[in-house]
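**Student:** Just dropping this structure here.
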Amino acid sequence: MIRFYSLLALVDLALIVIALIDCLSTEDFAVRALPRGVWVLLILLFSPIGAIAWFVAGRPPRPVRLSNGTTWRPGSGFPENERPTRTGPLAPDDDPEFLRGLAASRSEDQHLMQRWEADLRRREDDLRRRESNPDRTDTPD
């Protein structure tokens, strides 16, 4: 009986060590569900359950084998030539045609604003001249 308990303790210790090494060597962005420090505490404080929970819920997801024979790792995205294409309408900030039209509209608005400012300056100058020469009456053309 003592051998059985010592075997269980040895398996538990090995499981804790393997889970700790795996948890500490995993990249920060790949740890799932909880922060790394919480996982370490769970593994150490709740000996077999914490280590098992790490392997089930905390480890990075495994690569997926696709039907065309390639492997895809969740979260790694797609290479540009394999990126799925959208068939529906694009959002305005993703649509190059909309962005080109926005740039053209912005330049038209800028040109219109410059014309308005020039017209306002001309009118203000005319008003100042009229105020400085009250005898003279200017009639518009």
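**Student:** Tell me which residues, restricted to the range 18-75, are under 21 Å from L8 (Cβ atoms) and open to solvent by 80 Å² or more (accessible area, probe 1.4 Å).
**Tutor:** Once the filter is applied, which keeps residues that are under 21 Å from L8 (Cβ atoms) and open to solvent by 80 Å² or more (accessible area, probe 1.4 Å), the range 18-75 yields I18, I21, L44, L45, F46, I49, I52, V56.
**Student:** Does P84 satisfy the condition of being within 30 Å of A30 (Cα to Cα) and either at pLDDT 90 or above or assigned to a loop (DSSP other than H, G, I, E, B) (or both)?
**Tutor:** Yes, satisfied.
The values are calculated or read from the model by the stated rules, or taken from the named source; none is laboratory data. It should be emphasised that the depicted structure is a prediction, and the values quoted were computed from it without experimental measurement. Cβ coordinates were reconstructed from backbone atoms using ideal geometry, including for glycine residues, and neighbour counts include every protein chain displayed. Note: areas computed on protein heavy atoms with side chains; ligands, DNA, RNA excluded. Shrake-Rupley method; radii C 1.70, N 1.55, O 1.52, S 1.80 Å.
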